[in-house]
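Colleague: Please read through the structure below; I'll follow up with questions.
The values are calculated or read from the model by the stated rules, or taken from the named source; none is laboratory data. Just so it is clear, the structure is predicted and the values come from calculations on it, not from any experiment. Cβ atoms come from the backbone with ideal geometry, glycine included; neighbour counts cover every protein chain shown. Each accessible area value is taken on the protein alone, full model and side chains, heavy atoms only, with ligands, DNA and RNA left out. Shrake-Rupley method; radii C 1.70, N 1.55, O 1.52, S 1.80 Å.
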Amino acid sequence: MSSLLRIDWCNKCSVGYYVTNMEPMALKEILEKEVNKKGLTADKKKKVQNLIKTLNDNDNNIVMFAKLKQ
């Protein structure tokens, strides 16, 4: 999801990981755009849709750690 790499708020790459912290509604907005793009398998699309359903405005911020390819 290339859109996630364009988020400038509190992100960095460190020790082989990309780390970002975002509000749940910001993540939901990105995921809603990305889930409809071609190339996503049915299984991954279902997982993303399930994640979207769990996010709401009163949640704590989401911290994501993504291992970078070497």
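Colleague: Any chance region 28-42 includes a residue that's modelled with pLDDT of 90 or more, more than 12 Å from the chain's Cα centre (by Cα) and open to solvent by 80 Å² or more (accessible area, probe 1.4 Å)?
Modeller: yes
Colleague: Find the residue count for region 5-18, including only residues that are among the aliphatic types (A, V, I, L, M) and either touching a helix residue (DSSP H, G or I) at 6+ places or on another chain (Cβ under 9 Å) or at pLDDT 85 or above (or both).
Modeller: Result for region 5-18: 1.
Colleague: Next question. Within region 53-65, can you find the residues that are among the aliphatic types (A, V, I, L, M) and either within 10 Å of the chain's Cα centre (by Cα) or open to solvent by 80 Å² or more (accessible area, probe 1.4 Å) (or both)?
Modeller: If the condition is that a residue be among the aliphatic types (A, V, I, L, M) and either within 10 Å of the chain's Cα centre (by Cα) or open to solvent by 80 Å² or more (accessible area, probe 1.4 Å) (or both), then Ile62, Val63, Met64 are the ones that fit.
Colleague: Restricting to region 33-51, what's the tally of residues that are closer than 21 Å to Tyr18 by Cβ and in contact (Cβ under 8 Å) with a residue 12 or more places away in the chain?
Modeller: Final tally of qualifying residues: 5.
Colleague: Can you tell me how many residues in region 13-30 are free of Cβ contacts under 8 Å to residues at least 24 places away in the same chain and either small (Gly, Ala, Ser) or assigned to a helix (DSSP H, G or I) (or both)?
Modeller: 3
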